[in-house]
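Please treat every number below as a calculation from the coordinates, not as lab data. Computed from a predicted structure; not experimentally measured. Here the Cβ positions follow ideal geometry from the backbone for every residue, glycine too, while neighbour counts run over all protein chains shown.
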Amino acid sequence: MTDIAVAAWETAAATLEHLAIELPSWAFGNSGTRFRVFGTPGTPRTPEEKIADAATVHRFTGLAPTVALHIPWDTVEDFAALRAFAEDHGVRLGTVNSNTFQDEAYKFGSLASSDPAVRRQAIDHHFQCLDIMAVTGSRDLKIWLADGTNYPGQDDIRRRQDTLADSLATIYERIGPDQRLVLEYKLFEPAFYHTDVPDWGTAYVHVAALGERAVVCLDTGHHAPGTNIEFIVAQLLRLGKLGSFDFNSRFYADDDLIVGAADPFQLFRILAEVIRGGGLGPGSPVAFMLDQCHNIEEKIPGQIRSVLNVQEMTARALLLDRDALELAQREHDVLTANGIVMDAFATDVRPVLAAWREERGLPADPMAAYRASGYRERIIAERVGGAQAGWGA
Ligand code: LRH
Ligand code: MN
Ligand code: MN
């Protein structure tokens, strides 16, 4: 072993075993911006093909045992068959994401709408998602709302909070004993003046009112620039309300780029706080998910790179010398404390992770192994006219 102490690595590796990152089905579809959606040869045409691609990511990395669905993007006639298909391919179906942002009816909102008929439609959609979850065996119903307004005075923002609370309570009543309602916040977009669930505080207020099985989803791309995300992680873990992550990275807004691509140090700091708060390991309630789109790069290697980035930063965060850090903190030794954090961040864990993979019968270099596997050439030949992720231009 290089400069990493053997004992420190063995402890880190034991926790690393528990790292599992859920892949979003929509990462495998074509996506883009409102300017253009570029196609990628070999793009899946069906939910089954998206799952087959997600299973391929898992096969080469051992890190992604579940796939999140988005309804209606992944609607099939027979969800039991889809579940069996996934299991045959070595993965399970995970979180079900609802969608109340694409129908004409939701122009002025969904769960927070002032129109009772629209609200009913949005609530019924969540009931359908729960019916699907009963068949797919999914634990989490994830709700992200596009609800909001574009102009001051457009609607009563206070009344909308009350309406939203009522709608969420109606959905929560149907959440099973082993299921969770996961509420995701986002600062802005598509609404530009106010958003009904803009921040972790608002999400927390709503899930706290619902009950124990309601938790918050933190999407790393959903904050104002400069936000200290690891502080939010610490606070939500402290409150027992951090349910899941949507990992991605951003340079400007909700860019949905590869996690760890824009700011690996931020990812490291977030993961260090997750570990500090007991969010990784057996029995942890925190689900790790990617929420990304691959607009110009290839999707399967994009997802492989993403889960490897999370693994790499998790390993570095696990190597943080907590005892030394605590001592330095207690002594108010600012520079030593900061130095300990920076030492962990600067550790090159790639060689030990390659060895770790090989010990488990996985390729040392998953990116190279995927390229050499022929899977890419096969899907390009077999699939013509791949589907869009569900949105875009
Ligand atoms: C919204 C969001 C949310 C959606 C996903 C497709 O920006 O992050 O999680 O479900 O994108
Ligand atoms: Mn998200
Ligand atoms: Mn987003």
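Brief remarks on what is shown
- When all alpha carbon pairs of segment 253-364 are counted in 5 Å bins from zero, the resulting P(r) reads 2, 11, 17, 19, 19, 16, 9, 4, 2, 0 %.
- Net lengthening on full extension, TYR252/ARG350 (0.36 nm per residue, minus Cα-Cα): 32.4 nm
- For ARG330 and ASP166, the FRET efficiency from 1/(1 + (r/R0)^6), where r spans their Cβ atoms and R0 equals 51 Å, is about 0.60.
- Net length gained if the chain between ALA381 and ALA13 were fully extended (0.36 nm per residue, minus Cα distance): 128.5 nm
- Using every pair of separate Cα atoms, the Kirkwood estimate puts the hydrodynamic radius of segment 1-72 at 14.8 angstrom.
- Antiparallel beta bridges, as assigned by DSSP with both residues in segment 3-382, represent about 15 percent of the total such bridges.
- Placing unit charges on each Cβ (+1 for Lys and Arg, -1 for Asp and Glu) gives segment 271-355 a dipole about its Cα centre, and among ALA344, VAL274, ALA287 the Cα reaching farthest toward its positive end belongs to ALA287.
- Binning all Cα-Cα separations of the chain at 20 Å, short to long from zero, yields these whole-percent fractions: 27, 58, 15, 0.
- A simple spin-label model places pseudo-atoms 7 Å from Cα toward Cβ; at ASP323 and ASP365 they are separated by 3.8 nm.
- Rounded to the nearest 20, the Cβ-based charge dipole of the chain about its Cα centre (Lys and Arg +1, Asp and Glu -1) stands at 320 debye.
- Using R0 = 35 Å, the C-beta based FRET efficiency linking SER284 and ARG36 works out to 0.30.
- Environment charge at GLY176 (Cβ cut-off 12 Å; Lys +1, Arg +1, Asp -1, Glu -1): 0
- The shape of segment 73-206 can be summarised by an equivalent ellipsoid whose semi-axes, obtained from the alpha carbon gyration tensor, come to 29, 14, 14 Å from longest to shortest.
- Net charge of the neighbourhood of THR149, taken over other residues with C-beta under 11 Å away and scored Lys/Arg +1, Asp/Glu -1, is -3.
- Net lengthening on full extension, ASP88/GLU104 (0.36 nm per residue, minus Cα-Cα): 2.0 nm
- Paired Rg and Dmax values of segment 40-152, which use every Cα atom, in angstrom: 16.2, 52
- Computed FRET value (nearest 0.05) for ASP115 with GLN388, which takes r as the C-beta separation and R₀ as 41 Å: 0.90
- Listed residues MET342, MET313, MET133, most fluctuating in the chain (Gaussian network, C-alpha, under 10 Å): MET342
- Structure-based [θ]222 nm, the chain - -39500 (n - 2.57) summed over DSSP H runs of at least 4, per residue, nearest 500: -14000 deg cm²/dmol
- Among the GluC sites (Glu not before Pro) within segment 157-247, those in coil by DSSP and having at most 14 neighbouring Cβ atoms inside 10 Å are GLU173, GLU212.
- Proximal charge balance of ARG238 [Cβ under 12 Å; K/R count +1, D/E count -1]: +1
- Percentage of interatomic Cα-Cα distances in segment 334-393 larger than 13 Å: 76
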